[in-house]
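Step one of this worksheet: look at the structure below.
The values are calculated or read from the model by the stated rules, or taken from the named source; none is laboratory data. Everything numeric in this text was worked out from a predicted model, so none of it was measured. Quick reminder, even Gly has a Cβ in these numbers, built from the backbone with ideal geometry, and neighbours come from all protein chains shown.
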Amino acid sequence: MKWRNQLLALFCLLAFAGVGILYFQHWVIRKPFGIIVFVGEGLSPARLGPTRTYAGGAGTRMNVDSMPHAALMMNYSKDFAAPDQAAAATAIATGERVANRALAINGDGKPIKNIVELAREHGRATGLVTDTKLTDPTSAAFYAHPTESTDFEKIAAEFVDRANIDIAMGGGGAQFLPVTKGGERQDNRDLLLELRGNGFDIVRTRAELETIPAWRRPKLFGVFSDGDLAFTNRVDERTYQPSLSDMVRRAIQLLQYNPGGYLLVIDAGLMRKAAQENNGERTLSQTVELDRAVGTARSYGGPRSTIVVCGDVAIGGLSLNGFPFRKDSGIALLGFNSAGQPWITWATGPHGSKSYDPHWSRLKTSSRSAAAQEQMRCKAWWRAQLFSKFCVTSFDKQSGAGERRYTAHALLTFASRGTAHQADKNLAVSPRPSPMSCHQTAVPAV
């Protein structure tokens, strides 16, 4: 009896040790192969230098700097040299070029299969993280196929109806709730309630996100704002909202328990919002936020994960001017240099967030009366003054004819700089105010 008990105890010990070894090898050492895709909206090679300097000086090494491979990508759309947000996102999500304003659909209006749908077919868990609204075109390209890229109500409904995303975190909660419950939906569908009925955990704050257990296959929908999430410098709101790095960390922790691996898409969209506003501080700080999230993904994803960081299309044409000292960083780059010139300027100038409108090409400056042109000139001047405390100009002293040539070739000029957005129509077609040249740029107020 004594030997039998000892043998039984030894057997239990060996069995426990064997299970422990298998668990350690399968879940700890051999984490399931993950594919992590970062889309930095507005990110371009020209953005990295100013961001590196802003983060800690010219010698600072960012996480993206230590990635072993780099490549340049041409991302023109089917009809324009510079894609809009929908076309650029579709190219990344599906691998196919489409016309501007098309979101994951071809010229015949038929859906194009995206990488999330392919991942589901191969047994992978899927996740989507963004710091803007979950229904923004860049995020939507990975799960929806709407006929209109701005039909956010339909896009939100597709998220629920297609059910291709296991974990989603971001903003845009108002588009998932009916008007009667404080949302924006006109069809009276409570999509959050439907998601809860489909087995999703719904979280609204950072604290709630951290309480989700990581030991079971998750179905999580985290919506932390009715609109976009807060910029990094809005401290009060960020107290209750997770950062991009927080969401990436939790997404990886929850997704990695799927034996078939996972696909995680991260959309850093606040970078675009800041660049459209020509806000240098927010643009650079949100780019730093993206880089921190990349570092988090490399730490938690494990050596078997493939991490891809890409931009969609450059926005704004941000430039760092003059000769900052090597260790200059942060707010030292947001004012004026010793020559009295702003450190940061923008190629698109004020109102750079206005998208190119195809109907603009029909406008003819020659058809405008002198009075109308004068009125437009004054509007453009005051808009520029209200946009920023500081307006700077190039030393281009073209004639009136030269200005008209600049207007005619505005699209080509901006596209060659890699920016997806045009200057304000009125500003572009109007004659310049006497103290300014036609190449106008501006820096944000400090």
Among the residues in segment 183-192, are any of a type in the set (Asp, Glu), in contact with a strand residue (DSSP E or B) (Cβ under 8 Å, 6 or more places away or on another chain) and closer than 17 Å to residue 247 by Cβ? no
Pick from 81, 119, 163: which is crowded, with 18+ Cβ neighbours inside 10 Å and either assigned by TED's automatic domain parsing to the domain that holds residue 250 or in contact with a strand residue (DSSP E or B) (Cβ under 8 Å, 6 or more places away or on another chain) (or both)? 119
Going through 255, 270 one at a time, which residue ends up being crowded, with 21+ Cβ neighbours inside 10 Å and over 28 Å from residue 33 (Cα atoms)? 270
I'd like to verify a number: residues in segment 111-147 that are free of Cβ contacts under 8 Å to residues at least 40 places away in the same chain and not hydrophobic (A, V, I, L, M, F, W, C), how many? 5
Could you list, ordered by first residue, the pairs with Cβ atoms under 6 Å in which the first is in segment 41-62 and within 22 Å of residue 86 (Cα to Cα) and in contact (Cβ under 8 Å) with a residue 12 or more places away in the chain and the second is of a type outside the set (Val, Ile, Thr) and not in a loop (DSSP other than H, G, I, E, B), at least 6 apart or interchain? 41/271; 41/272; 42/271; 42/272; 42/275; 43/311; 44/311
Does at least one position in segment 281-302 carry a residue that is within 23 Å of residue 53 (Cβ to Cβ) and in a strand (DSSP E or B)? no
Does any residue of segment 73-86 turn out to be in a loop (DSSP other than H, G, I, E, B), out of contact with any helix residue (DSSP H, G or I) (no Cβ under 9 Å at 6 or more places or on another chain) and over 16 Å from residue 38 (Cα atoms)? yes
Residue 266 - would you say it is part of a strand (DSSP E or B), at pLDDT 95 or above and over 23 Å from residue 161 (Cβ atoms)? yes
Residues of segment 198-253 being assigned to a loop (DSSP other than H, G, I, E, B) and basic (Lys, Arg), in sequence order, are 204, 216, 217, 219, 234
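One line per residue, one yes/no per condition, for (1) closer than 26 Å to residue 169 by Cβ; (2) buried (at least 18 other Cβ atoms within 10 Å of the Cβ); (3) not β-branched (Val, Ile, Thr):
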| position | (1), (2), (3) |
| --- | --- |
| 62 | yes, yes, yes |
| 70 | no, no, yes |
| 74 | no, no, yes |
| 130 | yes, yes, no |
Checking the structure you have, find out if any residue of segment 120-134 is at pLDDT 95 or above, more than 18 Å from residue 36 (Cα to Cα) and aliphatic (A, V, I, L, M). no
Does residue 105 count as under 28 Å from residue 303 (Cβ atoms), out of contact with any Phe, Trp or Tyr (no Cβ under 6 Å at 6 or more places or on another chain) and of a type outside the set (Asp, Glu)? no
Restricting to segment 135-158, name every residue that is buried (at least 24 other Cβ atoms within 10 Å of the Cβ) and in a helix (DSSP H, G or I). 137, 138, 139, 140, 155, 156
Determine whether residue 235 is among the β-branched types (Val, Ile, Thr), touching a strand residue (DSSP E or B) at 6+ places or on another chain (Cβ under 7 Å) and under 21 Å from residue 55 (Cβ atoms). no
Does any residue of segment 212-232 turn out to be more than 30 Å from residue 122 (Cα to Cα), in the same structural domain as residue 142 (by TED's automatic domain parsing) and without any contact (Cβ under 8 Å) to a residue 40 or more places away in the chain? yes
